[in-house]
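Worksheet: one structure, shown below.
Please treat every number below as a calculation from the coordinates, not as lab data. Quick caveat, the model's predicted, so the values are computed rather than measured. We place every Cβ from the backbone using ideal geometry, glycine too, and count neighbours over all the protein chains shown.
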Amino acid sequence: MNAYDLARPLIFRLEPERAHALAKPVLRNAALCRLLAGAPVSDPRLEVRIGPLTFANPVGLAPGFDKGGELTTGLARLGFGYLVVGSVMPHPRDGNPRPRIVRVPEQRAIVNCMGLPGNGVGVFAGALAAGRPNVPVIASFGGYDDDEFLASFALLQPHADALEVNQRC
């Protein structure tokens, strides 16, 4: 039995957004993530190439978990082949009112209806610049008009391996 198996019953008693918030300090610690994840699996048969990017495997983290781009170093230690972080908007936003994360236990699923909360693209770009993990990072961003999309692109492009435009969330 590993640490997650021991902690899971306690985590699932928490309100989902609270559990998400409590995971952040753990995920900020790359060494702790490495310990929790165990030895990385490396098999060249899983490698995926898309343009200039090489993913160690085809399993990636979708946008919505690391909305601030601050957990990439720890998340990279969990075995993902790539990370999509964000989505971020040009300006700070609170997102939707709570509850905005809902568990669906019978489907072993979670529904994220957070509504793009965050500190804005400038803070997000700074977080990406501070943590360069060993897997490709795709930054997801949105906006309300062409000027916002172009400004966000310019800020994020130097700090991500690829960019994803979120036109609808």
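The table for this structure:
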| read-out | value |
| --- | --- |
| Candidates per trypsin sites (Lys or Arg not before Pro) in region 1-94, loop by DSSP, up to 11 other Cβ within 10 Å | Arg13 |
| Dipole magnitude (debye, nearest 20) for the chain, charges at Cβ of Lys, Arg, Asp, Glu | 660 |
| Region 20-81: translational diffusion in µm²/s, Stokes-Einstein, Kirkwood Rh over Cα pairs, 37 °C, 0.692 mPa s | 261 |
| Antiparallel bridges, percent of DSSP beta bridges restricted to region 87-169 (to nearest 5) | 50 |
| Alpha-carbon spread of region 113-169, three principal axes, descending order, Å | 31, 26, 18 |
| Descending principal axes extents, region 48-118, alpha-carbon based, whole Å | 39, 37, 22 |
| Residues Arg168 and Asp147, FRET efficiency given R0 of 22 Å [Cβ-Cβ distance, rounded to 0.05] | 0.75 |
| Calculated FRET efficiency for the pair Val59/Arg13, C-beta based, R₀ 30 Å, to 0.05 | 0.60 |
| Alpha-carbon gyration tensor eigenvalues x 5, square-rooted, for the chain, Å | 26, 22, 14 |
| Among beta bridges that DSSP assigns inside the chain, antiparallel share in %, nearest 5 | 40 |
